[in-house]
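K.L.:
The following block contains the structure, expressed as structure tokens.
Here, each number is a calculation from the coordinates, and none is a lab measurement. This structure is a prediction, so every number in the text was calculated from the model and none was measured. Methodologically, a virtual Cβ is constructed for each residue, glycine included, from the backbone with ideal geometry; neighbour enumeration extends over all protein chains shown.
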């Protein structure tokens, strides 16, 4: 079973040496307390909690799963005790606002902590992360009276939160939802309907669960233009914050799933449950995107967490497992060599390593942008950060979760037959990460969002701030050994831009052009984005080596991994580009009735 170890040295490299977080915190209003000493202390304790408390529950939580009986859900053994330690450590309020009981530290610190939680135990991590999204949604859209009613207990971790969107008949097409909201005489609304796939919708970790619910007002327009957003607690909360009677919210069942079995995926029924409107009438979808975008970045971190944990498990095994003689013997006195010396095993391990370390930079950069978007005193900086996030959110969610499936598959493959056996834990990584490409908008939806709704709809302007960063990096001075990779980055960027221009033309001529190209286009964007971060890493590492660093092995490993990325992984964009340029006809000419063999 993989034993997760927080990669603190690599975390520090990504944060401070590449992305400049120490200076970032000095320039961020309200982040004065985020000194290097405090930040390092927080990460050290976060590592202990993730390694010693959460990680040991990963396999047992998967095997035991959640149990439903008479509308109540019990979490696996140890989950509740771990959650109590989570509260005792003050973790729920790490980056929450001080006025509601939080510690007021930058949200990016919480993002680093969440990486550790995801890597250690995906299922358990979802309970607090959904609450963080609900808190952010209430903070952004609810009136102050409702914030005072709900947020203090949620920030403390005593109450949790969910997002209640989809229904059995509509999936991701939320314009079809039927849940109703009827106005009451006291200013509340009676919510009636049934929601499915509600992660952490019912459990025994907290006393109350606060649901963020999409529903329709009477006479609301059809489609997404007729959706409003409500806050609906499981147990009714009075104005003074005290709890009263049950509120007509019940769990009808839980799903039996492929993975993340330690997290309860629920059918939640609302039977004239009382709630409050927190969006303008019929403007619920735009407000819900506060939660959705937060969750999409969280899912990107879940995917990255599985890349990291799969890599750790495969690496540990590959170093110890002796099998077959290598062309160049590592242990000539033994009958076999450790499999890490075999080229094909190295191919898989280096792919995992490249995605883990490059993906970490992408998620941390998004977290840095979130800090700026929410807290910068400069309106232009806030707008620029929001524009970059609009571009990078579907890339991070879509690309990293796709790569997590590849990395987790390699985790199984490196272990061979042992990887296919449950006790080694690698097959759980594969099962657990599969959901990341599906929920919070499938990766096909992420691709359509990126290409159609973001890039083409803005005529490419949404790309401009991030593209400027790439172009600026390519123009800078770099150590000589990095220059070939800078050239490859420049070429990959030009390919990305060329395809964008070509698709802008073809979309006007072919109604299926965007849908046919979107997925491959997303992957090209992902590989190019990671190339940008790997070019930064390589330049940083080469510069450190030129200054006779005491950590030469670490920096040399960065350069070797960068070389692998640029020579083995980035060229995948060329075949993807061929697919984009092939158009839609090869997808759409076969009549639907000819797909089967009946």
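K.L.:
Would you mind calculating the gained length between residue 477 and residue 170 on full extension (0.36 nm times residue separation, minus the Cα-Cα distance), in nm to one decimal? Could you put the intermediate results ahead of the total?
P.N.:
Values: separation 307, 0.36 × 307 = 110.52 nm, distance 5.25 nm.
The span from residue 477 to residue 170 would gain 105.3 nm if fully extended.
K.L.:
Quote to one decimal, in nm, the extra length available between residue 35 and residue 578 on full extension: 0.36 nm per residue of separation minus the C-alpha distance between them.
P.N.:
Details: separation 543, 0.36 × 543 = 195.48 nm, distance 4.82 nm.
Gain on stretching residue 35 to residue 578: 190.7 nm.
K.L.:
Provide 243, 363, 393 in ascending order of the number of other Cβ atoms located within 10 Å of each residue's Cβ, fewest first.
P.N.:
On the way: 243 16, 363 26, 393 23.
Going from sparsest to densest Cβ surroundings: 243, 393, 363.
K.L.:
Using Stokes-Einstein with the Kirkwood hydrodynamic radius over Cα pairs, what translational diffusion coefficient do you get for region 445-586 at 37 °C and a viscosity of 0.692 mPa s, in µm²/s rounded to a whole number? Working shown, then result.
P.N.:
Values: Rh = 16.2 Å.
The estimated diffusion coefficient comes to 203 µm²/s.
K.L.:
For a quick check: sort 125, 60, 309 by the number of other beta carbons within 10 angstrom, fewest at the front.
P.N.:
On the way: 125 26, 60 15, 309 33.
By the 10 Å Cβ count, ascending, the order reads 60, 125, 309.
K.L.:
Quick one: angle between helix 144-156 and the longest Cα principal axis of the chain, in degrees between 0 and 90, rounded to 10, please.
P.N.:
Approximately 50 degrees, to the nearest ten.
K.L.:
P(r) tail for the chain, what percent of Cα pairs lie past 43 Å? Spell out each step's value before the answer.
P.N.:
On the way: 36253 of 178503 pairs.
Pairs farther apart than 43 Å: 20 percent.
K.L.:
Let me check against my output: what whole-number percent is the relative contact order of the chain, with C-alpha pairs under 8 Å and at least 6 apart? Write down the numbers at each step before the final one.
P.N.:
Numbers: 1032 pairs, mean separation 76.0, N = 598.
This gives 13 percent for the chain.
K.L.:
Using the number of other C-beta atoms within 10 angstrom as an exposure proxy, rank 132, 485 with the fewest first.
P.N.:
Values: 132 25, 485 22.
Starting with the residue having the fewest Cβ neighbours, the order is 485, 132.
K.L.:
Just to confirm the number: angle between the C-alpha axis of helix 552-564 and the first principal axis of the chain, 0 to 90 degrees, nearest 10?
P.N.:
It is inclined by approximately 80 degrees.
K.L.:
Could you tell me the center-to-center distance, by alpha carbons, between region 532-550 and region 233-288 in angstrom?
P.N.:
49
K.L.:
Could you work out how far helix 79-88 tilts from the main Cα principal axis of the chain, as a 0 to 90 degree angle to the nearest 10?
P.N.:
Rounded to the nearest ten degrees, it is 90.
K.L.:
OK, next. When the helices in the chain are scored as -39500 (n - 2.57) per DSSP H run of 4 or longer and the sum is shared across all residues, what 222 nm value do you end up with, to the nearest 500 deg cm²/dmol? Before the final figure, lay out each step's value.
P.N.:
Details: 19 runs with 310 residues, N = 598.
After summing the helix terms and dividing by residue count, I get -17500 deg cm²/dmol.
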